[in-house]
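I have placed the structure first, in the form of structure tokens, so that the comments after it can refer back to it.
What follows is calculated from the coordinates using simple rules that are stated; it is not laboratory data. All of these numbers come straight from a predicted model, not from anything done at the bench. Note that each Cβ is placed from the backbone with ideal geometry, even for glycine, and that neighbours are counted across all protein chains shown.
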Amino acid sequence: MVRFASAALLMSLPALSLAATPALAAVDGAQVFATQCKMCHQGASNALAPSLAGVADAKIAARDDFAYSPALKAKGGTWTDATLDAFLKSPAAFAPGTKMFLGPQSDENRAAVIGYLHTLK
Ligand code: HEC
């Protein structure tokens with residue numbers, strides 16, 4: 001109900017103010033990360049998950065401050081957008097036995113969060 005009300009409100013905004021906020025309709029990768037990743041990936045590596053700083057284009061399971069599963073360790077290769085997409089779509093299919101599990105991700109949310117991963121340095 002609230003959702004419908006706010007959608008109606010948005011549609012009634014003048015075109016000018018919508019044009020001034022182009023990010024409104026796009027999925028925000030930082031937002032996806034905050035709600036679906038950050039509970040485990042909290043910055044530095046911790047007991048729950050490795051740090052994701054610089055993970056885009058890095059070797060898979062290459063940090064020495066996190067005890068990866070043997071499954072991810074054995075995977076080899078690099079985190080390209082394609083391997084990140086496959087892993088986030090289905091961690092268990094990408095690396096059977098991985099310690100990371102994840103609920104369903106829409107194509108849009110995965111693309112947005114992968115974009116956000118590129119900003120983590
Ligand atoms: C329930 C905790 C948890 C959540 C939620 C979670 N992860 Fe992970 N993530 C892990 C663990 C644990 C690993 C290490 C997996 C292994 O060793 O098999 C990992 C590994 C990764 C890696 C590989 C890191 C490396 O150094 O190779 C990436 C990339 C990643 N996660 C991204 C994400 C993203 C993006 C999200 C949100 C969409 C997310 N994770 C949500 C626990 C989590």
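Count Lys and Arg as plus one, Asp and Glu as minus one, and take only other residues whose Cβ is under 14 Å from that of P50; the net charge is then +4.
The loop-placed chymotrypsin sites (Phe, Trp or Tyr not before Pro) in segment 66-121, going by DSSP, that have at most 14 neighbouring Cβ atoms within 10 Å of their Cβ come out as F101. When only the Cβ of Lys, Arg, Asp and Glu is charged (+1, +1, -1, -1), the dipole of segment 27-117 relative to its Cα centre reaches about 340 debye. For the pair F101 and T78, the difference between a 0.36 nm per residue extended length and the Cα-Cα distance amounts to 6.3 nm.
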